[in-house]
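K.L.:
Please see the structure below; I have some questions.
The values are calculated or read from the model by the stated rules, or taken from the named source; none is laboratory data. The structure displayed is predicted, hence computed values, not measured ones. Cβ sites come from the backbone with ideal geometry, for glycine too, and all protein chains shown count toward neighbours.
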Amino acid sequence: MSKILEDLRYADSHEWVKLEGDIATIGISDYAQHALGNIVYVDMPEVGDEVSQGEDFGAVESVKAASDLISPVSGEVIEINEALEDEPELVNQDPYSNWIMKVKVSDASEIDSLLDAAAYAKICEE
């Protein structure tokens, strides 16, 4: 069973968000990293890029598949997890501490359209 953290919000495309003030930390869920298998590359945006809710911001590639990353919120990328450039497999080890990007959110109300842990768990069971 995949680990789903109660204090996060989730997109149905399997990204998670932790909102602290107007800063959103974003990564992929435990379910997603299990489904992908051994991750070999994480394509991330550049600092300063604008991302939009529901739009691609990068991709994750594993030995068996590639999957687009869909931004769960809109805003400006203020930080990327540079450790993933050299060690993308960190996402497999702990997808919640090994986030992908941080975004200065332009519309905090977008978080309300995301799933809570219980609703996300239902999607993962289907």
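K.L.:
If you scan segment 30-75, which residues turn out to be under 19 Å from Ala121 (Cα atoms), touching a Pro at 6+ places or on another chain (Cβ under 6 Å) and surrounded by 22 or more Cβ atoms within 10 Å (Cβ to Cβ)?
P.N.:
Correct list: Gln33 only.
K.L.:
Could you list, in sequence order, the residues of segment 4-35 that are in a loop (DSSP other than H, G, I, E, B) and of a type in the set (A, V, I, L, M, F, W, C)?
P.N.:
Of everything in segment 4-35, those that are in a loop (DSSP other than H, G, I, E, B) and of a type in the set (A, V, I, L, M, F, W, C) turn out to be Ile4, Leu5, Leu8, Ala11.
K.L.:
Okay, moving on. So Ala35 clears everything in (1) within 14 Å of Ala66 (Cβ to Cβ); (2) in contact with a strand residue (DSSP E or B) (Cβ under 7 Å, 6 or more places away or on another chain) except one condition, right? Which one?
P.N.:
(2)
K.L.:
Look through segment 41-66, keep the residues that are free of Cβ contacts under 8 Å to residues at least 40 places away in the same chain and among the small types (Gly, Ala, Ser), and return whichever of them is nearest to Glu87 (Cα to Cα).
P.N.:
The residue in question is Ser62.
K.L.:
Six or more apart or on different chains, Cβ under 8 Å: which pairs go from a residue in segment 67-80 that's farther than 23 Å from Ile39 by Cβ to one that's assigned to a strand (DSSP E or B) and of a type in the set (Asp, Glu)? Could you list them?
P.N.:
If the second residue must be assigned to a strand (DSSP E or B) and of a type in the set (Asp, Glu), the pairs left are Ser74/Glu50; Gly75/Glu50; Glu76/Glu50.
K.L.:
Can Val51 be described as touching a Leu at 6+ places or on another chain (Cβ under 6 Å) and within 18 Å of Ser13 (Cα to Cα)?
P.N.:
It is false that Val51 is touching a Leu at 6+ places or on another chain (Cβ under 6 Å) and within 18 Å of Ser13 (Cα to Cα).
K.L.:
Val42 - would you say it is farther than 12 Å from Pro95 by Cα and at pLDDT below 95?
P.N.:
Taking the combined requirement at face value, the residue does not satisfy it.
K.L.:
Sticking with this structure for a sec: Looking at Ser113, is it over 12 Å from Ala11 (Cβ atoms), among the small types (Gly, Ala, Ser) and modelled with pLDDT of 95 or more?
P.N.:
Considered against the rule, which asks whether it is over 12 Å from Ala11 (Cβ atoms), among the small types (Gly, Ala, Ser) and modelled with pLDDT of 95 or more, Ser113 comes out as no.
K.L.:
State whether one or more residues within segment 1-21 are over 22 Å from Val77 (Cβ atoms), free of Cβ contacts under 8 Å to residues at least 40 places away in the same chain and surrounded by 14 or more Cβ atoms within 10 Å (Cβ to Cβ).
P.N.:
no
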